[in-house]
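The values are calculated or read from the model by the stated rules, or taken from the named source; none is laboratory data. Keep in mind it's a predicted model, so treat the numbers as computed, not measured. Quick reminder, even Gly has a Cβ in these numbers, built from the backbone with ideal geometry, and neighbours come from all protein chains shown. Note: accessible area is taken over every heavy atom of the protein model, side chains too, but ligands, DNA and RNA are not part of it. Shrake-Rupley method; radii C 1.70, N 1.55, O 1.52, S 1.80 Å.
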Amino acid sequence: MSAVTTLTEDQLAQAEVTLDFAQERLAPYAVAWDRDKHFPVDVLREAAALGLGGVYVREEHGGSELSRSDGVLVFEALATGCPSIAGYLSIHNMVAWMIDRYGDRRQRGRWLPGLCTAEVLGSYCLTEPGAGSDAAALRTRAERDGDHYVLTGIKQFISGAGACGVYLVMARTGGPGPGGISAFVVEREDSGVSFGPNEHKMGWNAQPTRQVVLDGVRIPADRRLGAEGDGFRIAMNGLNGGRLGIAACSLGGAQSALDRSLAHLADREAFGRRLLDAQALQFRLADMATELAAARALVRQAAEALDEGDPLAPRLCAMAKRFATDTGYTVADRALQLHGGYGYLSEYGIEKIVRDLRVHQILEGTNEVMRVIVARGLTETLR
């Protein structure tokens, strides 16, 4: 695996365009969207017009065909405006990549153009009420019936549910364990699909989170993605990239919190001098910046490994997700403290960043599961 390289001119240009979009079309509205639980689908389509609806999808289907190394730069920049919207777009792009990577030509032609323009939004449906970290224990069934499958079960904590048109569903077609799971594309209009109420959440309020209820949903067999029994492998490979996306979103949210702290401390005075001139606070800022730089380096290293097909990539993605999301939340929480009472007020936006980044330590695999993945890789040769 090569060392992390200097960014190219194309990468810098893409990040700058995305950052401008985040500051102009996300940041000014993020607090209001959070307060009103508004999912700005129109703005998602504006992002897609910049190539952010199909970041990793091949160009022949309207995608940007960027690398994972490009993608982490994009999602970090996007999250400076709103981690909740950036986080949803990371999930949407995970779904699009999985269809592009594992779908056949007809499937790619059917769903990818709409996903790339965000005319159709995508949701990833793995988690269930009784199967979160233990994803291989999922109970949703897909029973073969001639040229169709009939899906029955409930998916939990599904981002975008209800608003999305495409649902990538993992369901059991065989026996217990990961080998009995297959992947299917379910559409919102399919008979038997319904949704639970929008969950009341600590953060990520600018996107809906609902149950997806599958009550005897009958779909053609050609909606299966890959072969029977491939679903768990497809799901896990999708999550490698998804973990990098969420890690990058944590970096972007935390960087925004750090930048706001610098501006706040420069503007405020106490005991006859600027807060920014207090060495104790300078040390706190230095630590925040250092920890973000370390997390950013690990995320980029993991992205390069995934691009290169390095066998260590899944472990590095788990490391990056764990470290970047823990670091991002810690930096944002310190930023709130540096703002004093103002940080606790919603209008300043800092407490929203803290709430949004907290869930990053849970989704796409909890950080405890990330430790399990890393430890398993370290110890497997000793068993």
**Request:** Please state the charge dipole magnitude for the chain, taken about the Cα centre, from unit charges on C-beta atoms (+1 on K and R, -1 on D and E), reported in debye and rounded to the nearest 20.
**Result:** 960
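Hey, what's the stretch 189-277 come to in accessible area per residue, 1.4 Å probe, Å²?
Per-residue value: 41 Å².
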**Message:** Taking all protein chains in place and a 1.4 Å probe, what share, in percent, of the accessible surface of the stretch 232-383 do carbon and sulfur account for?
**Reply:** 55
**Message:** Explain nothing, just the number: relative contact order of the stretch 79-132, from Cα pairs under 8 Å at least 6 residues apart, as a whole percent.
**Reply:** 35
**Request:** Work out how much length E380 to K201 would gain on full extension: take 0.36 nm times their residue separation and subtract the Cα-Cα distance, in nm to one decimal.
**Result:** 60.7 nm
**Relative contact order (percent, whole number), the chain, Cα cutoff 8 Å, 6+ residue spacing** = 17
**Fill in**
In nm, the gap between the two label points placed 7 Å beyond Cα toward Cβ at D267 and R144 is 6.4
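Can you give the Kirkwood hydrodynamic radius of the chain from its Cα pairs, in Å with one decimal?
21.2
Rank by packing, highest mean first: peptides 267-280, 325-338, 190-203, 68-81, with packing defined as the count of other Cβ atoms within 10 Å averaged across residues.
My ranking of the peptides, most packed first, is 68-81, 325-338, 190-203, 267-280.
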**Asked** Accessible surface of C82 in the full protein assembly, 1.4 angstrom probe, to the nearest 10 Å²?
**Response** 0
**Asked** If each of E16 and A289 carries a label point 7 Å out from its Cα toward its Cβ, how far apart are those two points in nm?
**Response** 2.2
**Request:** For a quick protection proxy, order the peptides 173-184, 238-249 by their average other-Cβ count within 10 Å, most packed first.
**Result:** 238-249, 173-184
**Extended-chain gain in nm, criterion 0.36 nm per residue less alpha-carbon gap, E308 and K37** = 93.6 nm
**Asked** So what's the stretch 181-318 giving for Rg/Rh, alpha carbon basis, Kirkwood Rh from the mean inverse pair distance?
**Response** 1.16
**Prompt:** Which one of I181, A248, G272 is farthest out on the positive end of the charge dipole of the stretch 143-274, using unit charges on Cβ (Lys, Arg +1; Asp, Glu -1) and the Cα centre as origin?
**Reply:** G272
